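The values are calculated or read from the model by the stated rules, or taken from the named source; none is laboratory data. Note that the structure is predicted; figures quoted are calculated from it, not measured. Cβ atoms come from the backbone with ideal geometry, glycine included; neighbour counts cover every protein chain shown. What goes into the accessible areas is simple: the full protein's heavy atoms, side chains included, and nothing from ligands, DNA or RNA. Shrake-Rupley method; radii C 1.70, N 1.55, O 1.52, S 1.80 Å.
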Amino acid sequence: MAAQEAPAEELSKLSVEETKPVPAAANGNDSDAESGDEEAEEGASPAAGAAKKKKKRKPRKKKKAPTSQSEPPRVLVSQLFPNKQYPKGEEVEYVNDNLNRVTNEEKRHLDNLNQEFLTDYRHAAEVHRQVRQWAQKSIKPGQTLTEIAENIEDSVRALTGHTGLEEGDALIAGMGFPTGLSINHCAAHYTPNAGNKMVLQEDDVMKVDFGVHVNGRIVDSAFTVAFNPRYDPLLEAVKAATNAGIKEAGIDVRVGEIGAVIQEVMESYEVEINGQMLPVKSIRNLNGHTINHYSIHGTKSVPIVKSSDQTKMEEGDVFAIETFGSTGNGYVHEEGEVSHYAKRGDAAKVDLRLSSAKSLLNVITKNFGTLPFCRRYIDRLGQDKYLLGLNNLVSQGIVEAYPPLVDKKGSYTAQYEHTILLRPTVKEIISRGDDF
């Protein structure tokens, strides 16, 4: 913090006295103001004289490096782990035909070649853990969604050490995608735009879904907040279904088989709301997905209902295993104001005629690349009057818009999610924590 400037009227009361020179001693030696020790006269003989005694300065205490996280989180995770030995996620051995991968020398060698990849992923995962564990304690009814989102995002940026305000800074590390705060029947892709006044209520069920990246390695993890215990069975169903999907996942596993396991677990639960027993349904048109470098959605999907999809998980894949449960139809549709966007990596080159679209595309490319962003992120870069240009980029197929996804009104939805790495030797649930 900068030093506080003193008020002018107080300064006017101060007077500066002229410093009077100290008279020289008879022997011509000045007295030492800082030390009370007697000094030998400069002109005295060596036998009578003595060396001037100097007051020893106390060595400055070195500022200790932080050893724990602050609240709210503001300590760089890299300071807490100066040797870059970030905590591993939960490591699970493969089963059946892949059981020998743990001891296979060739696979272990391949694993060792991926140390930079693993360091970045574990760094991002530790940031996510520390921020979300604080968020779970701090989110309370009465807060605005904007306050909740900005608290999470400011924490992620502080812990990675990248504010994202300088050109290209957000591409080094920071938010992997905007903080989703989807309430009740809204299942996904909702974050407040500027001017949003929505307040979290005591009876709300809110999905908190955010990503953290380090050098483009994105950790995607989500949890659900509810304050009324009547929703506990809904949250338990979704958490159990996500863990079942994670347990089933592995090299050579077919994604359709994982979907069947998830659905079976999810739909074994029911929840009582207002005296009515409601089955918990898997939201059949929402899926888990692979995560690519700087791209949150890869080419493979993991259904959360039984499916005939024969796509296999492969060594080296990174998956977001996420499940959604609903007391409604178990099917979502797009509805509401868009807040989430992402530049398409496969977009064809288009000759843009709208100058605002050209200008905005340059801002998006230099600050987000293909990472998802929201309108608040453009606002904080100082951009204004950009909506026409943004809509033009969407209509030209250069930027993808992600509207909110909702089930029927009056229903409640929940979500849990983890990122897993299918390493050559083991499956690592990179975002696993003590919380879930």
I'd like the residue in segment 231-281 that is in contact with a strand residue (DSSP E or B) (Cβ under 8 Å, 6 or more places away or on another chain) and part of a strand (DSSP E or B) and, out of all such residues, is least open to solvent (accessible area, probe 1.4 Å). Val271
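Listed here are the residues, each with its yes/no results for (1) closer than 29 Å to Arg375 by Cβ; (2) part of a helix (DSSP H, G or I); (3) open to solvent by 50 Å² or more (accessible area, probe 1.4 Å).
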{"residue": "Asn98", "(1), (2), (3)": "no, yes, no"}
{"residue": "Leu110", "(1), (2), (3)": "no, yes, yes"}
{"residue": "His123", "(1), (2), (3)": "yes, yes, no"}
{"residue": "Val131", "(1), (2), (3)": "yes, yes, no"}
{"residue": "Glu153", "(1), (2), (3)": "yes, yes, no"}
{"residue": "Val156", "(1), (2), (3)": "yes, yes, no"}
Looking at segment 182-189, is at least one residue among the small types (Gly, Ala, Ser), surrounded by fewer than 24 Cβ atoms within 10 Å (Cβ to Cβ) and outside any strand (DSSP E or B)? no
Leading residue by the ranking (farthest from Val75 (Cα to Cα)) among those in segment 165-181 that are open to solvent by 30 Å² or more (accessible area, probe 1.4 Å), part of a loop (DSSP other than H, G, I, E, B) and of a type outside the set (Val, Ile, Thr): Glu167
